[in-house]
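Please read the structure below before turning to the comments.
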Amino acid sequence: MKYVALLRGINVAGQKRVPMAELKKVFQSLKYQDVATYIQSGNVVFDCEAGETGPMVAAIEKAIHRKFGFEVDVVVRTQKDWPKILKGNPYAAEAKNDPKFLHVLMLAAQPKTPKLDELETYCQNGEKFTLKGSELYVYYGAGAGKSKLVLGVIEKKLGTSGTARNWLTMQTLAEMLKA
């Protein structure tokens, strides 16, 4: 089965530097096959025997810590999950017109008691979001860089960690999963 591993917070402003060639070797050391990375933000597509993603995440995080000397949160989704995530997008027009402004935040766990009303107070400039299971779809009307609806706030209000990718990256990863 194919999987996508998404690393949180690497190669941002010179922090937690992880070269993709080295990251690929980490995944290969875990006996994953057909490992491919996409851009420097930590997107890895790989094959392995079907199994629970929890132990997979733990093994990947441990191997990354061992190799690079720092902790990195990892979220894993299956090849079967990906089309559901894409089809679940409630912002089709925005995806077509402003794909860089539409982000999908893949959460480590489904929020048990999300504080969506509190999260709403951070929205400005046409921003909106929709929570569906373990994914939060966020449209940043003026771009994510100018927003107060940042990852730390989102994680606090949802009670779980996660990592975001823009719609263009989501589509590219879908193509990699098909290959």
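The values are calculated or read from the model by the stated rules, or taken from the named source; none is laboratory data. For clarity, every value in this text was computed on a predicted model and none was experimentally measured. Here Cβ is always computed from backbone atoms with ideal geometry, including for glycine, and neighbour counts include all displayed protein chains. The area values use the complete protein model at the heavy-atom level, side chains included, leaving out ligands, DNA and RNA. Shrake-Rupley method; radii C 1.70, N 1.55, O 1.52, S 1.80 Å.
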Inset, instruction - List every residue pair whose Cβ atoms sit under 6 Å apart, with the two residues 6 or more apart in sequence or on different chains, where the first one lies in segment 28-42 and is part of a helix (DSSP H, G or I) and the second, anywhere, is open to solvent by less than 80 Å² (accessible area, probe 1.4 Å). - result: GLN28/VAL35
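Among the residues of segment 43-59 satisfying the criterion of being free of Cβ contacts under 8 Å to residues at least 60 places away in the same chain and of a type in the set (A, V, I, L, M, F, W, C), which is most open to solvent (accessible area, probe 1.4 Å)?
Initial filter on segment 43-59 (free of Cβ contacts under 8 Å to residues at least 60 places away in the same chain): 44, 46-59.
Filter again for of a type in the set (A, V, I, L, M, F, W, C), leaving 44, 46, 48, 50, 56-59.
Numbers: VAL44: 0, PHE46: 1, CYS48: 17, ALA50: 77, MET56: 14, VAL57: 27, ALA58: 55, ALA59: 37 Å².
Among residues in segment 43-59 that are free of Cβ contacts under 8 Å to residues at least 60 places away in the same chain and of a type in the set (A, V, I, L, M, F, W, C), the one most open to solvent (accessible area, probe 1.4 Å) is ALA50.
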Inset, instruction - Spot the failing condition for TYR3; the list is (1) open to solvent by 70 Å² or more (accessible area, probe 1.4 Å); (2) in contact with a Ser or Thr (Cβ under 6 Å, 6 or more places away or on another chain), and only one is missed. - result: (1)
Inset, instruction - Check off (1) surrounded by 18 or more Cβ atoms within 10 Å (Cβ to Cβ); (2) farther than 20 Å from ALA109 by Cβ; (3) without any contact (Cβ under 8 Å) to a residue 60 or more places away in the chain for GLN15 and give me the number that stays unchecked. - result: (1)
Inset, instruction - Please go through segment 130-179 and pick out each residue that is part of a helix (DSSP H, G or I), under 15 Å from TYR91 (Cβ atoms) and over 14 Å from the mean Cα position of the chain (by Cα). - result: ALA144
